[in-house]
Structure formats: C-alpha cells, structure tokens
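Contents: one structure, followed by commentary.
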There are 2 protein chains.
Amino acid sequence: MKKTACNAEAKTSPRDRIVSSACALFRTHGIRGIGVDAIAQAAETNKMTLYRHFGSKDDLVCETLKVASAQAAALWDDLENRFPDNPRAQIDGWVAGRADCLASEPHGCDLANAAVELKEDGHPAHVLIDRFKTEQRRRLEDLCRAAGLSDPELLADTLSMLLEGARVSRIATGDHGPAARFERACHAAIAGHERSKAG
Amino acid sequence: MKKTACNAEAKTSPRDRIVSSACALFRTHGIRGIGVDAIAQAAETNKMTLYRHFGSKDDLVCETLKVASAQAAALWDDLENRFPDNPRAQIDGWVAGRADCLASEPHGCDLANAAVELKEDGHPAHVLIDRFKTEQRRRLEDLCRAAGLSDPELLADTLSMLLEGARVSRIATGDHGPAARFERACHAAIAGHERSKAG
DNA sequence: CATGGGTGTGACCGGTCGGTAACAAGCAGA
DNA sequence: TCTGCTTGTTACCGACCGGTCACACCCATG
C-alpha cells in the first residue's frame, strides 16, 4: 500500500504543508515578521526542501497570495450556486458573507495586507494584488448592474471601500470600531441605489 | 552668534531630524523594512545619538505615530477655523480634504499601516493607534450629529470605512481603483442621512 | 581655563536573515 | 537489484538586525 494513502491523517506533500504553514504564519506574524526557517519548521520539513520548491521567499509569498485568490474565487462560485439567476440575492449574500468573515477572520485580507507591507516597487506580489482587487471589484459591479441597481460603478466602489475599510478598522480598533456596522452601512448604500428611490 | 540660529538652513536638533527621517522612511520602506542605522544616517547623525533620545526602535516608532496623530488633530482645528459653527460645511470640507490627501499622499494612513504591519500583540503602538482611530471616528460622529444628520453613528462609521478603504485601495490598485470615487461615495452616503429624505 | 552635557566615531555584541553546498537516507518504478 | 527522484540533515555563507561600549570631540557656560 502506498504510504501517502494509508490513513486519514496521511502526510500531505511537503510542498502543500509549506504553503499552508506560510499562509498561516504570514497572517499571524506578517510577511516580514517570519523567517523561512520558521515556516519550514512549522511545515514539519526543512529550509532546503522549501527552496527546492520555491526559488525564493518572494516566490513563496506569491504562491500564498495565489492560494488566497483562489479561495476568494470559490466564494463567488458558491454565491452563484446558492442564488442562481438572482443577482440581488447574491449581493445580499455577499454582504452577509463578508460580515461573517469580518467577525471570524480578524486578520483582514491577505492580499491587502501584503500590499501595505510590501513597499518595494517591482515586487512580484503587486501585480497579483492589483489583478485580484480589480477582479473582485469587477464581479461586484457586474452583480450590481445585473440587479438593476443604479450607478453600478459607484455602488461597487462604495461596497469595495466599505469592505476594505471595515477590515483595516477591525485590525486597528477591534470589534468595537466602525467594522461593527459594516453590514448596515452596506445595506444603506445599496438602498440608495434602488431604482424605486430617487435615481 | 549661536550656531543654531546663524542661517536659514540652520541645523535642526538631531532629535527632530531623526523623527522626521523616521517618518519618511517608515512610510516608504515600512517599519520593518528600514533599520535604525539607515534612519540615523538619513538624519545626518548616528545610531548612538538615536539611542540616546529613544530607548528602542519601538519607542521611535511610537514617537512618529504621535507626530502623525498631532498632524491629524491640526487638520480638525483647521476645519473648525475655516467653517466656524457650520458643522455641515466642516463635513464637506473634511470629505474634500481627505480626497485631496488621497491623491497627494498615496502611502495611506501611517497609523493604519502600522496597525497592519505590527502584528505582535502588546506592541506599544497598538494603544496609540486604537486611541487615534477612535478619536477620529468620535469627531466625525459629533460633526454628523451637530449637522442634524440622521443616525450619526452609522454615518460616521460609514465615512470612516470609506476613507480607510479608499486608502488601502489606493495602495493595492492605484489611482484607477475604487479610491477614485471616494468623494462621490461620501456625498452619496451623506445624502442618504439628510432629514429631508426618508428618515 | 575648567567643567559638563550633547554629540560623533567606530568597533563590537549575539542573533537572525535569506540562501546555498554537500551528502545521506528513503522510496518509487523498472 | 539497480536507478533516479524527492526528501532530510548539517553546516555554512555574507549581510544585516537592534542595541551597547568606550572614547574623543565640540562648545556654551562658569
């Protein structure tokens, strides 16, 4: 029998463990706040194996950001599956889902945090971050337009800023800050774009 | 004649130069991205003098955050001087001023960036950041209430999140992102809280 | 001239950083 | 059994980190 399939707690590949350990440690310590040695140790492997899979720490950073991007993409798919052909319900579901994450994941958005932390221009992560954030906004705008809401560009930008702001507020001032009213703020913004009201 | 007053480009005190160099370098490289040696060199002094004024790098970080807080406080005073006894005009002035800073200062808020970057709990900067952000939100709420706008808590939180979100969006996706519509989003939010409309 | 506080200099400390070399061990398929 | 790829181990590299030491220096005051 193959060792990699002999039991439930089978060892995943060293590469996968490195990526998931890196995700977790970058979140809790910051990208610059954790060393590759600590990441390798947390992944129950060693630095040499890490460097065989990723040419540099920056490469590993980019890989973790890609993973985070993929997870976010899966959330959009889930939204579409739960409310097929109902863009308005998808928007409400998006708001509720983001509010839940806000409460359960106090660390904020990995991509946005990386953008703040990695100041060197030319860092390969920047293009990933830009692409990701632009894509998120685009999906939101498409949803707003499909739902027949007025000025979908402005509403999408408003919702994007509210979410981004709620996450950093959560980091800066904790639960009692503005983030506590994220959901209400979103609903108020959406209400202001309903056609029945003043266009 | 005293050396410190003999000409226009008189040397400021080493301490002041250290603080302003640290502010600039923390902004451009991140707090973890710049060393005390480089800060001292940029301030045209040396590491030993730096450590005579600040017991540690964390102390220096806190000092720069206090400077940034004081600058923000001065902006509120300026707002009150420009529009005395006119809270509504002060709100509009706040929106316009923040939009201007958004364009001219792409680095975002020093305090918020520090909150994202410094993950170690117990870091002395965290209490400064919390106090600062809470104070900013309180002043905004007071202004909304004085202007007779409905639900001033929600509006203050909304404006806070919009600003915070605009700044991090600016960092993540540049000028073409949601931050470009910060001003319009603020005005739409404020309009939704005017008593003449649906309470 | 003497004193003393703020400053400059350079070496130094232990530790950690990202990254590499060399070699042994395990394990797959042929 | 042989082969070849993936791993593990250890030591090492140069660079930099935050922080400290001892000592010389400048200069205003007395």
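The values are calculated or read from the model by the stated rules, or taken from the named source; none is laboratory data. Keep in mind that what you see is a predicted model, and the values were worked out from it rather than measured. Cβ: placed from backbone, ideal geometry, glycine included. Neighbour counts: every protein chain shown.
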Q.
Quick test for you: out of B:SER20, B:SER69, pick the one residue that is within 15 Å of the chain's Cα centre (by Cα) and within 14 Å of chain A (Cβ to nearest Cβ).
A. B:SER69
(Q) Against the conditions (1) under 30 Å from B:LEU128 (Cβ atoms); (2) touching a helix residue (DSSP H, G or I) at 6+ places or on another chain (Cβ under 7 Å), where does A:GLU120 fall short? Just the number, please. (A) (2)
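How many of the residues making up the stretch B:136-155 are under 13 Å from A:THR173 (Cβ atoms) and free of Cβ contacts under 8 Å to residues at least 60 places away in the same chain?
Qualifying residue count for the region: 2.
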Q: Output the qualifying pairs, or none if there are none: Cβ atoms under 6 angstrom, residues six or more apart or on different chains, first residue in the stretch A:17-43 and among the basic types (Lys, Arg), second residue away from DNA strand D (no atom under 11 Å from the Cβ).
A: A:ARG27/A:HIS107
Q) Of these, B:PRO152, B:PRO178, which one is surrounded by fewer than 19 Cβ atoms within 10 Å (Cβ to Cβ), modelled with pLDDT of 95 or more and either in contact with an Asp or Glu (Cβ under 8 Å, 6 or more places away or on another chain) or at the interface with another protein chain (Cβ under 7 Å from one of its Cβ atoms) (or both)? A) B:PRO152
**Q.** Residue count, the stretch B:41-83 (criterion: among the β-branched types (Val, Ile, Thr) and more than 16 Å from DNA strand C (Cβ to nearest atom))
**A.** 3
Q. Of all residues in the stretch B:118-131 being touching a residue at least 40 places away in the same chain (Cβ under 8 Å) and buried (at least 19 other Cβ atoms within 10 Å of the Cβ), which is nearest to the chain's Cα centre (by Cα)?
A. B:ILE129
Q. Has the stretch A:105-117 got at least one residue that is in contact (Cβ under 8 Å) with a residue 40 or more places away in the chain, aliphatic (A, V, I, L, M) and farther than 23 Å from A:ALA172 by Cα?
A. no
(Q) Given the criteria in contact with a helix residue (DSSP H, G or I) (Cβ under 6 Å, 6 or more places away or on another chain), surrounded by fewer than 20 Cβ atoms within 10 Å (Cβ to Cβ), of a type outside the set (D, E, K, R) and touching a residue at least 40 places away in the same chain (Cβ under 8 Å), does B:ALA72 qualify? (A) no
